[in-house]
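The values are calculated or read from the model by the stated rules, or taken from the named source; none is laboratory data. All figures in this text were calculated on a predicted structure; none of them were measured in a lab. Here the Cβ is made from the backbone with ideal geometry for all residues, glycine too, and neighbour counts use every protein chain on show.
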Amino acid sequence: MMRLNTMLASGLIGVGILAFSALSASAAIVCSGNVCWHVQERYSYPPSAGVVVHEDEWKAGPDITFREHKGRGYWKGDTWTDFGD
């Protein structure tokens with residue numbers, strides 16, 4: 001009986017951890033024109049950036065180009081622009 005209780009408690013803890021990690025994940029796809037990139041956090045982009053934020057499940061069309069870049073910023077044409085908080 002003690003082993004069953006331990007297994008049930010372990011299972012509940014595991015489910016709780018998975019639920020919390022799924023809620024804290026906030027990946028998205030951000031696009032400027034036909035150039036898109038993946039982000040791990042949702043930023044408040046300046047209005048001049050002219051970007052569109054899509055859910056991570058969004059499917060890009062054939063005319064979309066992905067350019068990945070680390071850091072907080074956005075693509076404007078061929079130029080990556082960093083921006084602060």
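Quick notes
- Search result, residues across the stretch 29-57 that are outside any strand (DSSP E or B) and either of a type in the set (S, T, Y) or surrounded by 13 or more Cβ atoms within 10 Å (Cβ to Cβ) (or both): G33, Y43, S44, Y45, S48, A49, V51
- Filtered by the rule that a residue be within 16 Å of Q40 (Cα to Cα) and either of a type in the set (A, V, I, L, M) or at pLDDT below 90 (or both), the stretch 57-71 gives K70, G71.
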